[in-house]
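All remarks here apply to the structure that follows.
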Amino acid sequence: MQTVVLAAGRGTRMRPLTDRRLKPMLPVAGRPLAAHTVEAAADAGASRVVLVVQSDDDAVREYFGDEHAGVELDYAVQTEQRGTADAVRAAAPTLDDAPFVVLNGDALYDHDSLAALYDRAPAVGAFRVADPTQYGVLLTDESGERVTGVVEKPADPPSDLVNTGAYALPAAAKSWLDVDESARGELEFTDVLARACAEFAVSPVAFERWLDVGRPWELLAANEWKLAELGGRVEGDVHVDAELSGDVVVADGATVRSGVVIEGPAYVDRGATVGPNAYVRGATYIGPDAKVGHAVEVKNSVMMADAHAGHLSYVGDSVLGRATNLGAGTKVANLRHDGDSVKMLVKGEVVPTGRRKLGVVLGDGAKTGINTSLNAGVKLPTDGATRPGEVVMFDPDSERGRAA
Ligand code: TTP
């Protein structure tokens, strides 16, 4: 079935990681996030994928080209980010007069669940969560076999099934894309879904697994998921005194020096160097040309291309953007002593992340002075810096950060 993948969002909740890159291009286990979406679609039965991108020279288009995972790709440009219905409208002229699937290019889908969505069109992907209050929640009829609508962020959720942003719709839906602006000022695809529910028997397809990657810590969860599926392979240089266990990828051109211990799943990408005497564990991705130096421990983290932690540092449950540099002795806290989940500032609001272990997020080019201590949940802005010995207790963008 022809499939539209939305990859033209602004990614504001993911800042600062989206200051200089598009959200669909964030690294997940060595590939862009959207590559996993397109591959899931290809596996599930997409005949052709139309990627909705922000511009003609978009990095998404540059990466994917004309074909990916054996599927032909086309592009549609959405220049103004007016909402998901508007994004699908941009793709509409490229669609045949036939049923189509819409997927978010910033979500991970498990392939079998997605295949069930393609098989059961018209259908919407549904995922069970413990607390649906922050999602679009699906309403169903008494049988539970037919979706009757969606309610956004209900205080009193009618079900625990949330909308995954994966839809398989009849051809007629192509002419329903001129929706009215919603209360939050966007043209929303859920209004198209509402009409589909009124005119067709739309099935909820329960997804086994799904992850919306909208906020920085969800990038860690995405890497945890996809690194665990990779398997190991060593193509680069691994010193005889290094110890690798579990699934570890050492890509061609990567170097693992003596005295290094890596407990997979882990991925050391091309040109990266680890060691001597470094400890890498948990689900960790070390990007192209990144460096993990002597006596550095990196646990369950993402280090993007050119990120450097040269000496004597601890990095836990953190995302280090491109070309970040940790001064010697920089330490990251990743656990609250009161046992609460770590909180993070997202679009000016301090939100619980649901993660007991979460370290820091460093925007591209951020640098720490030697012996910097970074508290759990702190973000440093793109090109931000700390002084030697600085203790960063609060996100510098927060009220408390400004007062501190
Ligand atoms: P969202 O995650 O709702 O929006 P966003 O990606 O812009 O992120 P944020 O809210 O943090 O600013 O978008 C869901 C999907 O739809 C995502 O894959 C991006 C895509 N999208 C578009 O392609 N065009 C749009 O105008 C919007 C709003 C989203």
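The values are calculated or read from the model by the stated rules, or taken from the named source; none is laboratory data. Here the structure is a predicted model, which means the values were calculated and not measured. Glycine gets a Cβ as well: all are built from the backbone with ideal geometry, and neighbour counts include every protein chain shown. Heads up: the accessible areas ignore ligands, DNA and RNA and are worked out on the full protein's heavy atoms, side chains in. Shrake-Rupley method; radii C 1.70, N 1.55, O 1.52, S 1.80 Å.
Observations on the structure shown:
- Of the accessible area of the stretch 318-376, computed with a 1.4 Å probe over protein heavy atoms only, carbon and sulfur atoms account for 49 percent.
- Apolar share of the accessible surface for the stretch 118-260: 43 percent from carbon plus sulfur atoms, 1.4 Å probe.
- Of all DSSP beta bridges in the chain, antiparallel share, percent nearest 5: 30
- For LYS347, the lysines whose Cα comes closer than 22 Å to its Cα, not counting residues fewer than 8 places off in the same chain, are LYS23, LYS153, LYS357, LYS379.
- Per residue, the stretch 124-221 exposes 47 Å² of solvent-accessible protein surface, assessed with a 1.4 angstrom probe and all protein chains in place.
- Length added when fully stretched, ASN277-ALA206, from 0.36 nm per residue minus Cα-Cα: 21.0 nm
- Residue-averaged [θ]222 nm for the chain, counting only DSSP H segments that reach four residues, each worth -39500 (n - 2.57): -4500 deg cm²/dmol
- In whole percents, the pair-distance distribution calculated for the stretch 100-256 from its alpha-carbon pairs, binned every 10 Å from zero, is 10, 32, 29, 13, 10, 6, 0.
- Accessible-area composition of the stretch 1-51, carbon plus sulfur, in percent [1.4 Å probe]: 41
- Cα gyration tensor shape of the stretch 1-136, rounded if a/c is under 1.5, else prolate or oblate by comparing a/b with b/c: rounded
- Folded to 0 to 90 degrees: helix 33-44 orientation relative to the chain principal axis, Cα: 50
- GNM flexibility winner over the chain from ALA266, ALA254, ALA155 (Cα, springs under 10 Å): ALA155
- Loop-located trypsin sites (Lys or Arg not before Pro) across the stretch 254-320 with a Cβ neighbour count of 11 or fewer within 10 Å are lacking, with loop assigned by DSSP.
- Averaged per residue, the stretch 273-390 has 36 square angstrom of accessible surface, using a 1.4 angstrom probe with ligands and nucleic acids left out.
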